[in-house]
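Working notes, structure below.
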Amino acid sequence: MSVRDFEDIKLVDVIAAQVTRPPNDGTEGSGLYSVPIRLSAAAPSAWARYFVEAWDHPSRFSTMHRPGIARVSGHIVTLAGTTLEEVDKYHRDTLKLAADEANRQYREMLERDAAQEAREQEIADQHRAHVDEVAKRISFDE
């Protein structure tokens, strides 16, 4: 995929039908559950890694932030161990920051990959030109 072909992946909405139920069994954290959030496109694996890293180490976050609860699979980001109220009050902004950071890093990766591919193609082209030039000078007629 080229940088030109990549469209930023955005957070779309909470997938209410897939929000899990909390165990509420009295143990610590038993009131927490998983909240899946739909993405605008399927996330490439590198984008998913960038997103999780940005979630775990955001530039800004609230005291309610929980590193280690985000995962990305296909078109879905899931926060495993939160509540809808926390997503609404605290995590929404951090999620948006993580998506923005993942988009930025993914674009940079695509640019680096394209530059590397161009360098490798230039080396291959130079080698081919050199081979063609030297091969033309070699004669077996004498």
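One table, with the values for the structure above:
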| read-out | value |
| --- | --- |
| Output for the range 49-59, where each listed residue is over 13 Å from L11 (Cα atoms), at pLDDT 95 or above and buried (at least 17 other Cβ atoms within 10 Å of the Cβ) | Y50, V52, A54, W55 |
| Residues satisfying the stated conditions in the range 40-67, i.e. part of a loop (DSSP other than H, G, I, E, B), within 16 Å of A99 (Cβ to Cβ) and among the hydrophobic types (A, V, I, L, M, F, W, C) | A41, A42, A43, F61 |
| Matching residues in the range 42-52 - criterion: being free of Cβ contacts under 8 Å to residues at least 12 places away in the same chain and in contact with a helix residue (DSSP H, G or I) (Cβ under 9 Å, 6 or more places away or on another chain) | R49 |
| Some residue of the range 115-122 being in contact (Cβ under 8 Å) with a residue 12 or more places away in the chain and within 25 Å of the chain's Cα centre (by Cα) | no |
| Hits in the range 23-42 (condition: touching a Gly at 6+ places or on another chain (Cβ under 7 Å) and either of a type in the set (A, V, I, L, M) or modelled with pLDDT of 95 or more (or both)) | L32, A42 |
| Qualifying positions in the range 60-114 - among the hydrophobic types (A, V, I, L, M, F, W, C), within 25 Å of Q18 (Cα to Cα), buried (at least 17 other Cβ atoms within 10 Å of the Cβ) and in contact (Cβ under 8 Å) with a residue 24 or more places away in the chain | A70, V72, V77, L79, V87, L95, A98, A99, A102 |
| Matching residues in the range 17-67 - criterion: being hydroxyl-bearing (S, T, Y) and over 17 Å from M109 (Cβ atoms) | T20, T27, S30, Y33, S34, S40, S59, S62, T63 |
| Verdict on I37 being closer than 17 Å to D100 by Cβ and not small (G, A, S) | yes |
| Residues located in the range 124-142, provided they are surrounded by 10 or more Cβ atoms within 10 Å (Cβ to Cβ) and not acidic (D, E) | A124, Q126, H127, R128, A129, H130, V131 |
| Residue in the range 14-25 that is part of a helix (DSSP H, G or I), surrounded by 14 or more Cβ atoms within 10 Å (Cβ to Cβ), touching a residue at least 60 places away in the same chain (Cβ under 8 Å) and among the hydrophobic types (A, V, I, L, M, F, W, C) present | no |
| Residue under evaluation A80, criteria (1) out of contact with any Asp or Glu (no Cβ under 8 Å at 6 or more places or on another chain); (2) part of a loop (DSSP other than H, G, I, E, B); (3) closer than 21 Å to I15 by Cβ, criterion not met | (2) |
| Residue count, the range 113-122 (criterion: closer than 10 Å to V3 by Cα and not small (G, A, S)) | 1 |
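The values are calculated or read from the model by the stated rules, or taken from the named source; none is laboratory data. Everything quoted here is computed from the prediction, not taken from an experiment. Backbone-built Cβ (ideal geometry, glycine too); neighbour counts: all protein chains shown.
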